[in-house]
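Before any comments, here is the structure.
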Amino acid sequence: RVQEEQSRLSDHQYLGLTDIQGLVGEGELFDTLYVFENYPIGVEGDDVPGGLTIIGGEGRDDVHYPVSLVVLPGETLRLDLGHDTDLFDEAAAQRMVERLCHVVEAMVSDADQRIGDIDILQPEERTRLLAEYNDTGLPVPQATVPELFQAQAALTPHAIAVTDGNTSVSYGN
């Protein structure tokens, strides 16, 4: 009886990631992949459990996520960050690496602190966010949103306001 029930269910025991993403609909189901690889491999030639001897080994991975992080433990911790070059340029990937290194260094320097308390922003980024992008000292015009929209349209009458297919209309039209 158990075998018959299991056989009936076997058609439903596996659903591939592509199928799952198709069922979810548009957009990415996952945008980041994190892997902690902890294979029982030490220094080349070490014996591993089960009587096997590993002489050499190499792995190659290709992921299809915007960001992937592989952590390889050993005498030193190795972190491999991969990224989709269509979505992130080298400068953006480098910023991710710098933030990750900063978090790891902060964790090592104070193992008792909560990870949520670690500030991932560099000092110049914090200044830009708080002082430049959020400059509350700027004068705010005393006008309604429609009045502000009308004033901006008057300043840029040739800017595109609406596009539909191949047809575009500027603010001046």
Requested in this report: Evaluate the following for residue 81: is it open to solvent by less than 60 Å² (accessible area, probe 1.4 Å), touching a strand residue (DSSP E or B) at 6+ places or on another chain (Cβ under 6 Å) and under 30 Å from residue 67 (Cβ atoms)?
Outcome: yes
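Could you list, in sequence order, all residues of the stretch 163-173 that are open to solvent by 90 Å² or more (accessible area, probe 1.4 Å) and either at pLDDT below 90 or not charged (D, E, K, R) (or both)? Write out each step before concluding.
Of the stretch 163-173, the ones open to solvent by 90 Å² or more (accessible area, probe 1.4 Å) are 164, 166, 173.
Once the filter is applied, which keeps residues that are open to solvent by 90 Å² or more (accessible area, probe 1.4 Å) and either at pLDDT below 90 or not charged (D, E, K, R) (or both), the stretch 163-173 yields 166, 173.
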Report summary line: A careful count of residues in the stretch 112-156 that are closer than 20 Å to residue 92 by Cα and loosely packed, with under 10 Cβ neighbours inside 10 Å gives 3
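Which one of 31, 62, 89 is of a type in the set (D, E, K, R) and either more than 30 Å from residue 105 (Cβ to Cβ) or at pLDDT 75 or above (or both)? Working first, answer last.
Working: 31 fails: either more than 30 Å from residue 105 (Cβ to Cβ) or at pLDDT 75 or above (or both); 62 fails: either more than 30 Å from residue 105 (Cβ to Cβ) or at pLDDT 75 or above (or both).
Step by step, each of 31, 62, 89 is checked, and only 89 is of a type in the set (D, E, K, R) and either more than 30 Å from residue 105 (Cβ to Cβ) or at pLDDT 75 or above (or both).
The values are calculated or read from the model by the stated rules, or taken from the named source; none is laboratory data. What you see is a predicted model, and the numbers here were worked out from it, not measured in a lab. Cβ: placed from backbone, ideal geometry, glycine included. Neighbour counts: every protein chain shown. With ligands, DNA and RNA removed, areas are computed over all heavy atoms of the protein, side chains included. Shrake-Rupley method; radii C 1.70, N 1.55, O 1.52, S 1.80 Å.
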